[in-house]
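Okay, structure first, notes after.
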Amino acid sequence: MIYKDYVKWDRMPTNWCPGCSIGTVFRHLTLALEKAAVPREQMVVVSGIGCSGRAAGYFNVDSVHVTHGRAIPVAEGIKRSNEKLKVIVFSGDGDLVGIGGNHFLHSARRDSDIKVICINNGIYGMTGGQMAPTTPFGEKTLTSPFGTSYAPLNIQGIVTSNARYWYARTSSYHVNHLLKCLGEALEWPGFAFIEVMSFCIENFGRRQGFKNGFDMLFKLKQDYKLNPKPDGLLKNHELGVVKNVGQAS
Ligand SMILES: Cc1ncc(C[n+]2csc(CCOP(=O)(O)OP(=O)(O)O)c2C)c(N)n1
Ligand SMILES: [Mg+2]
């Protein structure tokens, strides 16, 4: 099976805006699936609502597009009903850690064997760019025109507060690292969470003064650095993988 087999070509082109990098993540997931030789009939993709959530409809595999915030519990249910399936969640930050935050918390605690790919664009993109729990401190959004006054949710902190965990932070600019993380997550026997820093030009970047998606990719290049061997947890703006095979206590 090659990467093209995982795509519903009759649904192309996607409805993602020019300059959006959700498609980059989508493409690299198909490459990782090819590399890991995951049979199409032995996997399921689950997405919630949002721009990122449209991905479920583009994978040529069994997929479910669920109500807002509910991708993780639906994925967990599918996995528990058929342990042989590789179950992948592909959704946005607002969906997974905002509206679906409580599900995220408990699925990570239960170490459910699902792979969660979170497109973190720092906002509720599809609805116009409202402030989300992931919006960086001080950033202007549709609902915080003078800059947010809250610190963003510490996603890494939540995942790693459990005895057993696998967490990666990567970006849609650092595509080799993204591919490596996706491959490792597919192999991890438990809850794997990938946070992909991935800006939205139309409903976020323009408010920060970016002219186009290309400029935003350069911002990712400038601001985020790979740390191949993190000593403990990743620092702000570091990309890498942190994991612990410890037993639940
Ligand atoms: C229960 C419910 N509340 C709110 C909405 C409106 N809504 C649709 S998409 C969306 C934002 C999704 O944001 P995110 O998950 O970050 O995805 P993005 O569009 O940024 O990729 C919201 C709030 C909805 N569809 N259902
Ligand atoms: Mg978002």
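Where a number appears in this text, it was derived from the coordinates with a stated rule and is not lab data. The shown structure was predicted, so the numbers you read here are calculated from the model rather than taken from an experiment. All Cβ positions, even for glycine, are placed from backbone atoms using ideal geometry, and neighbour counts span all protein chains on display.
Once the gyration tensor of the Cα atoms in segment 9-70 is diagonalised, the equivalent ellipsoid follows with semi-axes of 19, 16, 10 Å, ordered largest first. DSSP finds beta bridges in the chain, and of those with both partners inside it, around 25 percent are antiparallel. Taking every alpha-carbon pair in segment 131-249 and binning the separations at 10 Å intervals from zero gives 13, 39, 33, 14, 2 percent.
Placing a pseudo-label 7 Å from each Cα along the Cα-to-Cβ vector at Arg206 and Leu226 gives an inter-label distance of 3.4 nm. With a cut-off of 14 Å between beta carbons, the residues surrounding Val25 carry a summed charge of +3, where Lys and Arg count +1 and Asp and Glu -1. Among Thr127, Thr14, the ranking by other beta carbons within 10 Å of each residue's beta carbon, starting with the fewest, stands as Thr127, Thr14. Counted over segment 62-147 with a bin width of 10 Å, the fraction of Cα pairs per bin, in whole percents, is 18, 45, 25, 11, 2.
Counting charges near Thr134 (Lys, Arg +1; Asp, Glu -1) among other residues having Cβ under 14 Å from its Cβ returns a value of -3.
With contacts taken as Cα pairs under 8 Å and at least 6 residues apart, the chain reaches a relative contact order of 17 percent. By the rule of a C-alpha distance below 17 Å, with chain neighbours fewer than 8 residues away ignored, the aspartates and glutamates paired with Lys243 are Asp111, Asp113, Glu184, Glu187, Glu195, Asp231. For the set Lys180/Lys225; Lys115/Lys180; Lys180/Lys211; Lys35/Lys84, the pairs lying more than 21 angstrom apart at their alpha carbons are Lys180/Lys211.
Taking other C-beta atoms within 10 Å as the exposure proxy, Ser112, Ser21, Ser52 rank Ser112, Ser21, Ser52 from fewest upward. Here the residues Arg54, Arg11, ranked from fewest to most Cβ neighbours within 10 Å of their Cβ, fall in the order Arg11, Arg54. Taking Lys and Arg as +1 and Asp and Glu as -1, the other residues whose beta-carbon sits under 14 Å from that of Tyr165 total +2.
Once R0 is set to 25 Å, what does the formula 1/(1 + (r/R0)^6) return for the Cβ-Cβ distance between His237 and Leu142, expressed as a FRET efficiency to the nearest 0.05?
0.55
Of Val44, Gly128, Ile201, which is farthest along the charge dipole of the chain in the positive direction, counting Lys and Arg as +1 and Asp and Glu as -1 at C-beta? The residue sitting most towards the positive pole is Ile201. The Cα-based radius of gyration and maximum Cα-Cα distance (Dmax) for segment 3-244 are 16.5, 49 Å.
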